[in-house]
Amino acid sequence: MSPPQDIPPTERPTFRIRPWSSLLIRDYRLIFITILCANTANHMRNVASLYQVYQLSGSSVQLGLAGFFQALPFIIFGLLGGVLADTLNRKRLIAITHMLNVLPGLALGMLTVTGHVQVWHVNTLNVIASSVQVLGGSARQAIIPSLVPQSHLLNAVTMAVLMMQGTQLTAPVIAGFLIDLFGVEASYFTDAALLVPSVISVLLIRASGQPQGEHRQIRWHSLIEGFEFLWHTRIILSLFILDFFAVLFGFFRPILPIFA
């Protein structure tokens, strides 16, 4: 017997879980589309902005700074994004942050079309876009367990991670073709357009998106708890430090426009 097309999150399946089993669940399909569109849009904007900074300045130093400004909000607001995901309605948080993230892409596209774009415009709008992205990023991950039954959770998380890693490969290719055929502005406008189905999909999710358990408030103590957990959980701290320095000193993507 084939599995049903829509599986209620509370119902335990009697069939074997396959690689695509989570996609049979309506709400998971919608969050999958949301994350796919948003990640593709973000990676496209990052590629286009790095290319444009080098095109405008011809400076490897400016290119390195542009990559730094893209990454800076993830360092500053990473823990705050987790606190927001544990405090606010996750569905609304995702929808609001994705709607706000339409604006930097549109602004960069318009500035490019009119010929008024400068390096500081690109860096400023990238900081805004990355800040909004990281504030809603934790909610995109945290909402998944409420959309699938426990038996499908590992499958759902694995598929989401594979998809997010995949967009790091496909989105730059799409951006490269658009830049080559139509110009940098085409990549920016496509980035903004992709966020529209992303917002629509998350709003169509039937689950409430409300965090489970005791209601929490946004406080400085919540951020301190995050640092304390990181400090006392040494294996996570070690992995965090290893990844941080590997990316800080060995991340090659921002300098690729020099070779391109």
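The values are calculated or read from the model by the stated rules, or taken from the named source; none is laboratory data. The structure presented is a predicted model; accordingly, all values stated were derived computationally and were not measured. Using ideal geometry, Cβ is built from the backbone for each residue, glycine included, and neighbour counts are taken over all protein chains shown. We work out accessible area using only protein heavy atoms, side chains counted, and drop any ligands, DNA or RNA first. Shrake-Rupley method; radii C 1.70, N 1.55, O 1.52, S 1.80 Å.
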Apart from one, (1) under 21 Å from the mean Cα position of the chain (by Cα); (2) farther than 21 Å from Asp180 by Cα all hold for Gly64; the odd one out is (1)
Among the aromatic types (Phe, Trp, Tyr), surrounded by fewer than 23 Cβ atoms within 10 Å (Cβ to Cβ) and farther than 27 Å from Pro257 by Cα: does that describe Phe77?
-> yes
If you go through the range 19-60 one residue at a time, how many are in a helix (DSSP H, G or I) and without any contact (Cβ under 8 Å) to a residue 40 or more places away in the chain?
-> 2
Enumeration of residues in the range 94-110 that are part of a helix (DSSP H, G or I), open to solvent by less than 30 Å² (accessible area, probe 1.4 Å) and within 14 Å of Ser131 (Cβ to Cβ) = Thr97, His98, Pro104
Residue selected from the range 111-123 under the condition open to solvent by 60 Å² or more (accessible area, probe 1.4 Å) and in contact with a helix residue (DSSP H, G or I) (Cβ under 8 Å, 6 or more places away or on another chain), by the criterion farthest from Leu84 (Cα to Cα) | Val113
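With under 22 Å from Phe259 (Cβ atoms), open to solvent by less than 10 Å² (accessible area, probe 1.4 Å), among the small types (Gly, Ala, Ser) and touching a residue at least 24 places away in the same chain (Cβ under 8 Å) as the only criterion, which of Ala66, Ala129 stands out? Don't jump to the end; show me each part of the working.
Details: Ala129 fails: under 22 Å from Phe259 (Cβ atoms).
None of the others qualify; the one that does is Ala66.
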Inter-residue pairs, beta-carbon under 6 Å, first on the phi > 0 side of the Ramachandran plot and in the range 189-212, second among the charged types (D, E, K, R) and buried (at least 18 other Cβ atoms within 10 Å of the Cβ), 6+ apart = Gly209/Arg90; Gly209/Lys91
Filtered residue count, the range 213-238, keeping only those that are at pLDDT 75 or above and either within 30 Å of Ile33 (Cα to Cα) or not hydrophobic (A, V, I, L, M, F, W, C) (or both) = 6
Only listed residue being among the polar types (S, T, N, Q) and buried (at least 20 other Cβ atoms within 10 Å of the Cβ), chosen from Ser201, Ser146 | Ser201
